[in-house]
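The values are calculated or read from the model by the stated rules, or taken from the named source; none is laboratory data. This structure is a prediction, so every number in the text was calculated from the model and none was measured. Here the Cβ is made from the backbone with ideal geometry for all residues, glycine too, and neighbour counts use every protein chain on show.
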Amino acid sequence: MNVQIRSKEITLTPHLNDHIATAIENFKRYHLDITTVNVLISKEKQKLGVNVEFDIHVAHAQPIVISDNDQNIDTAIDLAIDRANKALGRVHDKMKDHHATS
């Protein structure tokens with residue numbers, strides 16, 4: 001799994017980097033063939049908040065793109081991680097059900 005964590009106009013602290021890396025490691029529990037995870041953290045100009053985007057590529061499935069924003073960077077990251085976990089769970093269930101019926 002290729003992982004890329006980038007930030008624009010925001011300094012990424014080691015704590016935030018570790019938090020994101022741990023969450024990405026937890027994505028493995030879905031037993032999907034995740035090929036690439038791109039994380040982009042950027043500052044929003046209009047709302048003066050933080051935008052967090054997860055771009056997750058799973059083999060034999062459409063890419064999962066999660067984008068969340070909030071005033072607080074920790075909250076934005078946690079919201080994006082929660083949404084990514086839900087989306088990966090749906091893909092896992094879809095693939096599991098598909099393989100069970102064929």
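Some points to look at:
- All positions within the stretch 59-72 that are aliphatic (A, V, I, L, M) and at pLDDT 95 or above: Ile64, Val65, Ile66
- Flag: Leu48 does not match the condition of being without any contact (Cβ under 8 Å) to a residue 60 or more places away in the chain, under 17 Å from Ala23 (Cβ atoms) and out of contact with any Phe, Trp or Tyr (no Cβ under 6 Å at 6 or more places or on another chain).
- Hey, Asp82 loosely packed, with under 14 Cβ neighbours inside 10 Å, modelled with pLDDT of 95 or more, out of contact with any strand residue (DSSP E or B) (no Cβ under 8 Å at 6 or more places or on another chain) and acidic (Asp, Glu) or not: yes
- Filtered by the rule that a residue be among the acidic types (Asp, Glu) and assigned to a loop (DSSP other than H, G, I, E, B), the stretch 1-22 gives a lone residue, Glu9.
- Pair list, Cβ under 7 Å, 6 or more apart: the stretch 1-13 residue farther than 15 Å from Ile56 by Cβ and in contact (Cβ under 8 Å) with a residue 60 or more places away in the chain, other residue surrounded by 13 or more Cβ atoms within 10 Å (Cβ to Cβ) and of a type in the set (S, T, N, Q): Ile10/Ser42
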